[in-house]
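Q: For reference, the structure I am asking about is given below.
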Amino acid sequence: MFKFTKSLFFLGALTACTAGHDLKVQPPSVENQSEFSELSDLAQPISDPLIVGVYSFTDQTGQRAVLSRNTSEMSSAIPQGLNAILVQELKLAGKGGWYRVVERETISDVLNERRIVASALGAEAEQQLPNLLLPGIILTGGAVSYDRKIHEEFSGFGISSVNGNTQVQSDQVGVVLRAVSVQTGEVIETVYASKEVLSQVNSLSGLRVFNTSTLAFEVGNATNEPVSLAVRQAIASAIVELTRRGIKREWWSVAPT
């Protein structure tokens with residue numbers, strides 16, 4: 001009877017610990033920093049930022065997400081807003097000192113709005129509208145690979161019906177960023193960058209029989225690196241490399257170090 005009471009006490013304590021980890025609602029956050037700070041190590045440009053346009057930076061992997069539940073959903077493994085991520089990282093690079101981005105993904109909306117303004121204000125106002133910025137380089141590319149389980153580790157232990165297990169899994173996402181000359185159509189530079197996407201599962205379980213009673217428990221946790229963050233870091237890394245190559249090509253004038 002004493003062993004059974006002791007077991008119930010242990011089970012109650014375990015349940016209380018589990019209930020103490022209730023999820024808390026987190027406030028929204030605003031990301032105003034680039035995912036990489038390597039550009040801060042470069043000499044700041046003393047010339048104007050490079051005017052670039054972003055075209056068709058999309059998911060080209062065709063990879064579908066692996067869901068833990070049985071469902072017919074066809075979610076993509078890669079975030080679909082790659083254009084938006086690339087534009088944000090370009091604007092944040094060096095606090096806007098390296099790139100000046102012009103809108104190309106929704107250029108039809110911009111042109112339509114300019115026509116509405118000209119129609120509302122008259123022909124004289126139309127002539128006063130400033131000309132659109134013309135980029136010398138357009139950037140294109142996208143996510144080109146998502147490789148699953150490129151690395152996997154298992155470890156476990158067991159003693160007296162108590163078992164523990166740890167599993168670490170690594171996927172890899174790859175992006176390609178191309179710089180194309182508007183004047184000649186030549187691909188000036190192409191950069192490939194990749195980033196691991198890590199996930200880890202830890203678990204502890206046990207089973208003990210006390211006469212006619214059975215005590216079983218299982219605890220654990222899982223940590224998954226957000227794919228969107230990994231993709232953003234890969235894009236930022238590609239921008240850093242493109243900037244380094246652009247300095248060698250004298251796209252900017254930089255202060256002497």
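The values are calculated or read from the model by the stated rules, or taken from the named source; none is laboratory data. In this text the structure is predicted, and so the values were computed from the model without any measurement. Glycine also receives a Cβ, built like all others from the backbone with ideal geometry; neighbour counts cover every protein chain displayed.
Q: Check ILE78, ILE150 and return the single one that is among the hydrophobic types (A, V, I, L, M, F, W, C), closer than 30 Å to VAL201 by Cβ, in contact (Cβ under 8 Å) with a residue 12 or more places away in the chain and in a loop (DSSP other than H, G, I, E, B). Even if it seems obvious, please write down each step before you answer.
A: Details: ILE150 fails: in a loop (DSSP other than H, G, I, E, B).
Exactly one residue qualifies, and that residue is ILE78.
Q: Name, by its number, the condition in (1) surrounded by fewer than 16 Cβ atoms within 10 Å (Cβ to Cβ); (2) part of a strand (DSSP E or B); (3) hydroxyl-bearing (Ser, Thr, Tyr) that does not hold for SER170.
A: (1)
Q: In addition: I'm checking my understanding of the structure. Among residues of segment 176-218 that are among the acidic types (Asp, Glu) and in contact with a helix residue (DSSP H, G or I) (Cβ under 8 Å, 6 or more places away or on another chain), which one is modelled with the highest pLDDT? Give the derivation first.
A: Step one: of segment 176-218, the residues among the acidic types (Asp, Glu) are 186, 189, 196, 218.
Narrowing the set further to residues that are in contact with a helix residue (DSSP H, G or I) (Cβ under 8 Å, 6 or more places away or on another chain) leaves 189, 196.
Working: GLU189: 96, GLU196: 90.
Looking at residues that are among the acidic types (Asp, Glu) and in contact with a helix residue (DSSP H, G or I) (Cβ under 8 Å, 6 or more places away or on another chain), I get GLU189.
Q: Can you tell me which of LEU177, LEU207, LEU242, LEU215 is over 28 Å from the mean Cα position of the chain (by Cα) and surrounded by 17 or more Cβ atoms within 10 Å (Cβ to Cβ)? Break it down into steps so the answer makes sense when it comes.
A: Details: LEU177 fails: over 28 Å from the mean Cα position of the chain (by Cα); LEU207 fails: surrounded by 17 or more Cβ atoms within 10 Å (Cβ to Cβ); LEU242 fails: over 28 Å from the mean Cα position of the chain (by Cα).
Going through LEU177, LEU207, LEU242, LEU215 in turn, just one is over 28 Å from the mean Cα position of the chain (by Cα) and surrounded by 17 or more Cβ atoms within 10 Å (Cβ to Cβ): LEU215.
Q: Another question, then. Tell me, please, whether a residue that is among the aliphatic types (A, V, I, L, M) and at pLDDT 90 or above can be found in segment 113-129.
A: Here is the first cut: in segment 113-129, the residues among the aliphatic types (A, V, I, L, M) are 116-118, 120-121, 123, 125, 129.
Going one step further and asking which of them are at pLDDT 90 or above, we end up with none.
No; the residues of segment 113-129 include none that is among the aliphatic types (A, V, I, L, M) and at pLDDT 90 or above.
Q: Then there's this: Pick from segment 166-211 the residues that are of a type in the set (Val, Ile, Thr) and free of Cβ contacts under 8 Å to residues at least 24 places away in the same chain: which of them is nearest to GLY246 (Cα to Cα)?
A: Looking only at segment 166-211, we keep the residues that are of a type in the set (Val, Ile, Thr), and these are 166, 168, 173, 175-176, 180, 182, 184, 187-188, 190-191, 197, 201, 209.
Retained after the next criterion (residues that are free of Cβ contacts under 8 Å to residues at least 24 places away in the same chain): 184, 187, 209.
Details: THR184: 17, VAL187: 13, VAL209: 69 Å.
The extreme case among them is VAL187.
Q: For segment 184-202, which positions are of a type outside the set (A, V, I, L, M, F, W, C) and in a strand (DSSP E or B)?
A: From segment 184-202, those of a type outside the set (A, V, I, L, M, F, W, C) are 184-186, 189-190, 192, 194-196, 199-200, 202; that's our starting set.
Result: GLU189, THR190, TYR192, SER194, LYS195, GLU196, SER199, GLN200, ASN202.
Q: All but one of (1) touching a Lys or Arg at 6+ places or on another chain (Cβ under 8 Å); (2) at pLDDT 70 or above; (3) in a loop (DSSP other than H, G, I, E, B); (4) within 24 Å of ALA193 (Cα to Cα) hold for VAL52; state the number of the condition that does not hold.
A: Against the list (1) touching a Lys or Arg at 6+ places or on another chain (Cβ under 8 Å); (2) at pLDDT 70 or above; (3) in a loop (DSSP other than H, G, I, E, B); (4) within 24 Å of ALA193 (Cα to Cα), VAL52 comes up short only on (3).
Q: Surrounded by 11 or more Cβ atoms within 10 Å (Cβ to Cβ) and under 30 Å from GLU218 (Cβ atoms): which single residue out of GLY158, GLY81 fits that description?
A: Working: GLY81 fails: under 30 Å from GLU218 (Cβ atoms).
GLY158 is the lone residue from the list that is surrounded by 11 or more Cβ atoms within 10 Å (Cβ to Cβ) and under 30 Å from GLU218 (Cβ atoms).
Q: Of all residues in segment 75-127, how many are within 28 Å of the chain's Cα centre (by Cα), hydroxyl-bearing (Ser, Thr, Tyr) and more than 25 Å from SER237 (Cα to Cα)?
A: Number satisfying all stated conditions: 3.
Q: For segment 126-155, give me each residue that is of a type in the set (A, V, I, L, M), in contact with an Asp or Glu (Cβ under 8 Å, 6 or more places away or on another chain) and crowded, with 18+ Cβ neighbours inside 10 Å.
A: The initial filter retains those residues of segment 126-155 that are of a type in the set (A, V, I, L, M), namely 129, 132-134, 137-139, 143-144, 150.
Still in the list and also in contact with an Asp or Glu (Cβ under 8 Å, 6 or more places away or on another chain): 143, 150.
Result: ALA143, single match.
Q: Report, ordered by the first and then the second residue, all pairs with beta carbons closer than 6 Å, sequence separation of six or more or different chains, a first member in segment 130-143 that is assigned to a loop (DSSP other than H, G, I, E, B), and a second member that is among the aliphatic types (A, V, I, L, M) and buried (at least 19 other Cβ atoms within 10 Å of the Cβ).
A: Short answer, once both residue conditions are applied: PRO135/VAL52.
Q: Here are some residues: VAL173, VAL168, VAL162. Which one is touching a helix residue (DSSP H, G or I) at 6+ places or on another chain (Cβ under 8 Å) and modelled with pLDDT under 95?
A: VAL173
Q: Quick one: is TYR99 in contact with a Pro (Cβ under 7 Å, 6 or more places away or on another chain) and either in contact (Cβ under 8 Å) with a residue 12 or more places away in the chain or over 30 Å from ALA230 (Cα atoms) (or both)?
A: On the way: in contact with a Pro (Cβ under 7 Å, 6 or more places away or on another chain): yes; either in contact (Cβ under 8 Å) with a residue 12 or more places away in the chain or over 30 Å from ALA230 (Cα atoms) (or both): yes.
Answer is yes for this residue.
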